[in-house]
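One structure below.
Values in this text are rule-based calculations from the coordinates and carry no lab data. As the structure is a prediction and not an experimental result, all values here were calculated from the model. Here Cβ is always computed from backbone atoms with ideal geometry, including for glycine, and neighbour counts include all displayed protein chains.
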Amino acid sequence: MTEKYEINALEKEESWRLFRYIGELVEGFDKLSGIDPAVTIYGAAVATVDQADYQNARQIAYLLGKQGFNIVTGGGPGMMEAANLGANEAGVKSVGLNIVLPHEQKCNTYSNLTISFNHFFVRKVMLVKYATAFVIMPGGLGTLDELTEVLTLIQTNKIKPFPVILFNSTFWRGFLDWLQTTVLLPGYISDSDLHLLRLTDKPSEVVEIVSSWYLRQAIVGRQAID
């Protein structure tokens with residue numbers, strides 16, 4: 001009898017979990033509606049202010065902000081903090097989509113629109129949904145996860161082929177070499193998959209790629225309406 005009660009309680013808990021998922025999605029949709037055009041910037045949480053790529057992330061966000069793009073990050077420290085700082089300095093919406101973790105990651109103080117999520121997959125939906133482009137700074141497993149998810153969504157036509165920009169060629173070169181040999185040669189990916197990526201070391205070039213793509217899409221959209 002006790003075992004049956006425990007099973008029923010577990011089933012009810014799983015059912016209520018679904019409503020918590022829905023609640024987080026609804027909150028995200030409500031709070032983020034109208035933030036476009038936006039660019040999502042990914043990168044390591046452990047980066048420090050004295051590292052070059054921290055300052056690069058800050059500069060990229062600032063320059064994009066000056067072009068009218070709002071900035072979305074995972075809301076944590078490191079590269080995310082740098083990007084939110086740059087967006088704040090540019091005077092645009094600085095969005096931090098924080099994740100609640102056991103070690104109590106706190107949202108950085110430079111985001112002026114903050115949402116905290118308990119579930120990674122809901123947070124990942126929000127990081128992608130409103131983005132016009134994706135900038136991938138150096139990072140670890142989380143950054144790689146986010147990069148490959150974005151590429152998979154584009155590859156499978158689940159989202160538009162937005163620019164996916166890898167910043168810091170020294171960091172990403174080994175990864176790209178591996179894709180072009182170990183992964184491409186057996187046919188696990190195609191040449192067209194690799195064409196989804198852009199590689200640069202210049203913040204100004206990031207802005208050029210994003211702005212030119214966005215302008216081109218906007219012009220096409222207006223012509224289609226006309």
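Among 41, 159, 60, the largest mean-square fluctuation in a Gaussian network model of the chain, built with springs joining Cα atoms closer than 10 Å, belongs to 159.
A simple spin-label model places the labels of residue 204 and residue 19 5.6 nm from each other, with each point 7 Å out along Cα-to-Cβ.
For the chain, the dipole from Cβ point charges (+1 on Lys and Arg, -1 on Asp and Glu) about the Cα centre works out to 520 debye, to the nearest 20.
Taking the Cβ of residue 152 as the center, what net charge do the other residues with Cβ under 12 Å away carry, scoring Lys and Arg +1 and Asp and Glu -1? Net local charge, residue 152 excluded: -2.
Among the lysines of the chain, pairs at least eight places apart or on separate chains and with Cα atoms under 20 Å apart come to 15.
Note that the stretch 208-216 has calculated 3J(HN,Hα) couplings of 4, 4, 5, 5, 5, 5, 5, 5, 4 Hz, one per residue in order, obtained from phi through the Karplus relation 6.51 cos²θ - 1.76 cosθ + 1.60 (θ = phi - 60°); glycine and proline are x. Highest mobility in the GNM of the chain, judged by mean-square fluctuation with C-alpha springs under 10 Å and restricted to 103, 119, 195, is found for 103.
Between residue 51 and residue 112, the C-beta separation translates, for a Förster distance of 22 Å, into a calculated FRET efficiency of about 0.35.
Loop-resident chymotrypsin sites (Phe, Trp or Tyr not before Pro) (DSSP state other than H, G, I, E or B) in the stretch 134-226 with no more than 16 further Cβ atoms inside 10 Å of their Cβ: 188. For the stretch 2-225, the residue among 148, 84, 48 whose Cα projects farthest onto the positive side of the dipole built from Cβ charges is 84. Running a GNM on the chain with Cα contacts under 10 Å, which residue among 83, 45, 57 ends up with the highest mean-square fluctuation? Answer for the Gaussian network model of the chain: 45. Computed over the chain, the per-residue total of -39500 (n - 2.57) for DSSP H runs of n ≥ 4 gives a 222 nm mean residue ellipticity of -17500 deg cm²/dmol, rounded to 500. A simple count of charges around residue 122, restricted to other residues whose Cβ falls under 11 Å of its Cβ and scoring Lys, Arg +1 and Asp, Glu -1, yields +2. Taking the three principal axes of the alpha carbon atoms in the chain, the coordinate ranges are 66, 50, 47 Å, sorted in descending order.
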